[in-house]
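Worksheet for the structure shown next.
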Amino acid sequence: MNPYFVGLLVPIAVSLLLQKRRKVEKKRGVPVDVGGEPGYAIRNHRFERPVETHWEGVNTLAELFEHACKEYLYMPLLGTRKLISREIESSPDGRSFEKLHLGEYEWKCYAEAFKSVCNFSSGLVNLGRQDNESVAIFAETQAEWQIALQ
């Protein structure tokens with residue numbers, strides 16, 4: 001048999017065999033019926049039921065945050081630094097960049113953060129926000145974003 005023919009035929013045959021195998025392995029999620037609209041809930045194909053958590057009664061990120069706030073009440077959670085000064089420096093190649101001088105970290109503990117989260121969420125409810133309504137917040141990057149996400 002001609003070696004050029006074998007050199008051409010073998011890679012094609014191997015790639016076709018591997019391609020069929022990859023399609024079977026590519027299954028990542030399995031649709032789950034949880035009520036509501038079909039096709040929106042998907043579970044990992046490796047697990048038959050939801051993964052158990054280390055904490056009893058903690059099933060959502062909000063519940064996990066609340067649990068952490070109760071367990072680590074006075075531990076530091078969010079650190080911020082005050083802006084002291086801002087300088088614009090130019091490099092020899094003509095580019096300019098901003099140089100910030102920041103103060104020491106000021107820490108907010110879990111208890112203070114939880115109180116801020118409760119106040120923020122109460123304010124949204126007071127403004128008329130209903131459950132399952134989206135809220136968009138545009139601001140500079142800061143610790144208050146994390147509080148608003150909770």
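Which whole-number percentage describes the relative contact order of region 27-149, with Cα contacts under 8 Å and a sequence gap of 6 or more?
Working: 111 pairs, mean separation 23.1, N = 123.
Normalised by residue count, the contact order of region 27-149 is 19 percent.
What part of the accessible area of region 27-149, given as a whole %, is carbon or sulfur when the probe is 1.4 angstrom?
Working: 5830 of 10850 Å².
In region 27-149, the share of accessible area belonging to carbon and sulfur is 54 percent.
Using θ = phi - 60° and the Karplus curve 6.51 cos²θ - 1.76 cosθ + 1.60, what whole-Hz ³J(HN,Hα) does each residue of region 57-74 get, with Gly and Pro shown as x?
x, 9, 10, 10, 5, 5, 5, 5, 4, 4, 5, 5, 5, 6, 7, 10, 2, 10
Based on the Cβ-Cβ distance from GLU98 to VAL6, what FRET efficiency comes out when R0 is 41 Å, to the nearest 0.05?
Values: r = 63 Å, r/R0 = 1.53.
Once the sixth-power term is evaluated, E becomes 0.05.
Report, please, the projected area of region 27-149 averaged over directions, based on the convex hull of its C-alpha atoms, in nm². If you can, show how the numbers build up before the last one.
Details: hull surface 56.1 nm².
For the Cα atoms of region 27-149, the hull's average projected area reads 14.0 nm².
Would you mind computing, in nm to one decimal, how far apart the modelled labels at ARG46 and LEU127 are, each placed 7 Å from Cα along Cα→Cβ?
Once both label points are built, they end up 4.1 nm from each other.
Taking amide H positions as placed 1.01 Å from N in the peptide plane, with prolines and chain starts having none, which residues 5 or more places from ALA41, or on another chain, fall under 5 Å of its amide H?
Result for ALA41 returns VAL32.
The values are calculated or read from the model by the stated rules, or taken from the named source; none is laboratory data. All figures in this text were calculated on a predicted structure; none of them were measured in a lab. Virtual Cβ from ideal backbone geometry, glycine too; neighbours counted across all protein chains shown. All accessible areas refer to the heavy atoms of the entire protein, side chains included, with ligands and DNA or RNA removed. Shrake-Rupley method; radii C 1.70, N 1.55, O 1.52, S 1.80 Å.
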